[in-house]
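Before any comments, here is the structure.
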C-alpha cells in the first residue's frame, strides 16, 4: 500500500492517520497554506507553518492549531512530517512525508521565482511528488517580477499625472502583499480595501513587516485616496465602493492576463501578468528537481500537462481533487465568478479569501 | 512596427473613447506618412493578401516553438486565436528590428514571388527579431486576420483633428478602391477634389433599429412617442438582398457592396441599365434575385454570392434586379444634402428615362396615415419577402454611417423554435476558453437532430452558467467539440428558413441566434422537426 492515497476527503496518509489539505472534516489535517481551497474549516487538529498561524485563526476562527518552522520534523504515529517553503504566499509550505524510507512531497501551490515577500521555494528530493499545475500550458511564461512592477509603477505614476485614481486588484492573501511590497512609495500612499487590510493585519500580528497602508473607511478623504494607489480584492470590481473613486484606471494582476481574451472579458484597463503559481518552465524545472519516480497532478491543466510529462519521460498521473478547479475549468470558472459575482481570478483562492471576510 | 504594435496594445488597454482618440492622434503625429496610410488601410479592413497559408504557418510555428504538434493545438484551444498562440509560444526574440510598418508590409507582399523555402527562412528570421507584442500584430497582418476593436469613426475623428479636415470628407475619401501603396497621405489630406477617384462610393447611410430586441414590440403609441407625427415620414419595405451603391462616372460603372467590396462583375444583369445612365450618377439600392418580376428570398441570391463564375443557368433562373432607394449624385453633383423627398424625385426622373425598367425598380412607398395603420401593414412583411419596414424622415439628408434620428428600420419578429443544446465548442477572442458556440437540435421521433448553430444572444452571466454546465455534463469529446447531456432548452430565433441538402435536418436557417434560455421547459417539450418543416412550407 502506498504511503499516501487519494480519497474522497483529500490526500490521506494511512500509516500516519492524517490528511493533507482535506476538504471534508477529519481529525488530523496538515495544511499547506491558508487559501480556502486548501484550508477548510471543521477539522479537529491542524498543523501548519508558523507564518500561517494568524491568517488561519482569522479565517477559520477558534481551531486547534500546531505550527512549525520550515525544516522542523514532527511525527504522527511514526510518520515524519517536515515542511519546506513553497514560495506561493507567506506561510505556504510543501509537506514532506517520510516513512520506512519512502518519501512523498505534497506541493500545495507553489512558484519558483523569489518574490521577496515569502520564503523562496526549495526543491525537495522525493520518490513521489504531488504537484499542482494551474498554469501547465506552454503559453504561460512569466516575466521577471521587476519588469512587471516597473510597468505597474509607471502606470500608477501616469495615472497620477492624468488625475486618475489607481485601483490595483489582486487576491487578499499573497498577491496583495506582493503588490504592496513592490510599489514605488515615492509616487504616493497605499490605500487598502478592508478585506485586504484584515489579512495585512493578521500577517503583521504574525511578525511580518509590511509597507505602511491606510485602510479605506468612511472617514477617508476621497481626494487623498485618489492620489495614491488602492489595493482591492477581485470581489470589489465594479461595485459602488470602487465607483466612488471614479474616474480611475483599474489594473488586474493575474497569470490569466497572459491571454488577451481573458483580459478583455474582465474589461480591465491594464492586465498585469503576475502569478503566485509556477509557469510552464517553472513547473517542469520544479518537478525535475525533485528527482521523483512519479508525479501526481492535482489541479490546473492536468490532462495536457501529464501527457506532456509522460512524453518527456516522467511517470505522470492525473488526480482529481477539489483544489483550484478541475482541468479546463480553472480559467473560465474564474471568469464565471468574476462576471456573475464580481469575484475573480484564481477562483478558489479569491472566493476563499473573500468568503469569510466580506 | 514598434509604434504600430504599441498603438494596438494601447488601444487594447482602454475602453474609453477619448483615450482611444488620444492614442490614435499620438500615433498619427509620430509615424511617417506611408505608415499612416498602411495603418488606415489595416484599420478600414484593407488587409494585404495572404502569402503564407495557415498549414505552413502552424507547421513553422510548431518548429520554432519546439513543442509537439498536439500541445500546440491544445494551446490554441486555450488561447482561442492562432496569431496570439504563436506569439506566446515562440521563444524570446534574440534581436530587434527597426523596420517600419510600411517596410514590413512590403516584405510580406514581396513573398508572392518567393519559394516555400524562402518564405520559411524569412518567417523564422522575422519572428526572431520581434517582441511578443510585435509578433502578435505581425502574425495578424501576415495571416490576413488583422482586426481592431476601434470603429472607423474614431480613427477618422483622430485623423480629422490631426489633418484639420472635417470627418465626413475624410470618411468619403477613405471609401472605395484604394491601396496604401498607391494612395498618398498628401492626396488624402489635400483639399483639392480633382484628385478624387471616379470609382469612389459615398459612405452609406444606415438606419437605426426602432426596437433593440424582438421581445419589446413597439406599439403605435410608442411609435408616436419616438417619431412624432406619421405624416413627416415616408415608409418603404425593408428588402432583404445586398445593399449596394451603383456608380456611373466618366463612362465607367461600379457596383459597391456595403462592405466596400467592388462587386461590379458579380451582377452583369445590371450593366446595361447602368451604362445607360448619365455620367455623374450614384444610386443607393438593394440588389435582389427576381423571378417573374417578383423578389425572391435571400437564400436564392446567396447561392450565387461568392461564386467566381456565374453559370448560364443561374443567370436564367434567378436574375438579379435593383430596387433603388436613393440618389446621391445627380449630373455630377453631390446631392446628399437635399431632402429625402427631393432626392426621390430625382431618382424617379432617372428611372423614368431608363429603358430597363424591369431591372431598375424603385422601392415603392407605402401609403399610410397613422402608426396604427402602418403597424398592421407591417404584419404582411414576410409575405412581401421583406424584413420589415423602413422609415425615412421626408426632409432627411443622406448622412454618414449609422445615425439615430432620420432613418429607422422596423423589423418583423424573428421566427422561433425551442431547441435542445447538444454540442458545445469553445469560442474565440473575448470568449476564448469558454464554451460559447452551441449546436441545437429538435426532436425527430425520439431522436434529436441538429439543425442550427448559434453563438450570440446570451448574457455574459448566462454564458458562464452554460459553460459550467458543459464542463460538468460532457458525454464525449471530439477534438474541440463536446457532446453534452441534452438538457438545456433555448428559444432559437431566425430570419428565414430554407431547404438544404447539406444539413442532416434538411433545413438551413438565416441568422440563427439565441432569443432566451427556457429554464421553464424540460427537453421533452422542445419543438420537433415537423414544426420546422411547417415553417418551411409557410415560407414557400
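The values are calculated or read from the model by the stated rules, or taken from the named source; none is laboratory data. All values reported here derive from a predicted model rather than from experimental measurement. Note: ideal-geometry Cβ built from the backbone for every residue, glycine included; neighbour counts use all protein chains shown.
Brief remarks on what is shown
Yes/no per residue for (1) surrounded by fewer than 21 Cβ atoms within 10 Å (Cβ to Cβ); (2) under 19 Å from residue A:188 (Cα atoms):
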residue	(1), (2)
A:233	no, no
A:241	yes, no
A:247	yes, yes
A:274	no, no
A:278	no, no
A:287	no, no
A:290	yes, no
A:295	no, no
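- Looking across the range B:429-469 at every residue that is part of a loop (DSSP other than H, G, I, E, B) and out of contact with any strand residue (DSSP E or B) (no Cβ under 9 Å at 6 or more places or on another chain), the one that is modelled with the lowest pLDDT is identified as B:459.
- Taking the range B:241-263 as the range and being surrounded by fewer than 21 Cβ atoms within 10 Å (Cβ to Cβ) and under 25 Å from the mean Cα position of the chain (by Cα) as the test, the residues that pass are B:243, B:253, B:257, B:258, B:259, B:260, B:261, B:262, B:263.
- Extreme residue, surrounded by the most Cβ atoms within 10 Å (Cβ to Cβ), among residues of the range A:63-86 that are in contact (Cβ under 8 Å) with a residue 40 or more places away in the chain and over 19 Å from residue A:17 (Cα atoms): A:86
- Condition check for residue A:71: closer than 26 Å to residue A:119 by Cβ and either more than 22 Å from the chain's Cα centre (by Cα) or in a helix (DSSP H, G or I) (or both): no
- Any hit, the range B:56-66, residues being out of contact with any helix residue (DSSP H, G or I) (no Cβ under 6 Å at 6 or more places or on another chain) and within 12 Å of another protein chain (Cβ to nearest Cβ): yes
- Residue satisfying condition, being assigned to a helix (DSSP H, G or I) and either modelled with pLDDT under 95 or more than 30 Å from residue A:101 (Cβ to Cβ) (or both), within set A:358, A:303, A:286: A:303
- Boolean, residue A:255 is surrounded by 14 or more Cβ atoms within 10 Å (Cβ to Cβ), modelled with pLDDT of 95 or more and out of contact with any helix residue (DSSP H, G or I) (no Cβ under 7 Å at 6 or more places or on another chain): no
- Scanning the range A:13-21 finds no residues that are touching a strand residue (DSSP E or B) at 6+ places or on another chain (Cβ under 9 Å), at pLDDT below 95 and not in a strand (DSSP E or B).
- Single match in B:426, B:533, B:521, B:465 (criterion: within 14 Å of chain A (Cβ to nearest Cβ), surrounded by 14 or more Cβ atoms within 10 Å (Cβ to Cβ) and either in contact (Cβ under 8 Å) with a residue 24 or more places away in the chain or on the phi > 0 side of the Ramachandran plot (or both)): B:426
- In summary, residue B:510 fulfils each of the numbered conditions (1) farther than 27 Å from residue B:388 by Cα; (2) surrounded by fewer than 19 Cβ atoms within 10 Å (Cβ to Cβ) with the single exception of condition (1).
- Scanning the range B:140-190 for residues being over 15 Å from residue B:38 (Cβ atoms) and assigned to a loop (DSSP other than H, G, I, E, B) gives a total of 13.
- Among the residues of the range A:231-280, those that are away from chain B (no Cβ under 14 Å) and in a strand (DSSP E or B) comprise A:231, A:232, A:253.
- Any strands (runs of 3 or more DSSP E) falling wholly within the range A:121-204 and containing at least 1 residues that are within 22 Å of residue A:236 (Cβ to Cβ) and under 17 Å from the mean Cα position of the chain (by Cα): A:165-169
- Which numbered condition residue B:48 fails, given (1) touching a helix residue (DSSP H, G or I) at 6+ places or on another chain (Cβ under 6 Å); (2) within 14 Å of chain A (Cβ to nearest Cβ): (2)
- Residues satisfying the stated conditions in the range B:78-101, i.e. in a helix (DSSP H, G or I) and either within 14 Å of chain A (Cβ to nearest Cβ) or farther than 29 Å from residue B:428 by Cα (or both): B:78, B:79, B:82, B:83, B:84, B:85, B:86, B:87, B:88, B:89
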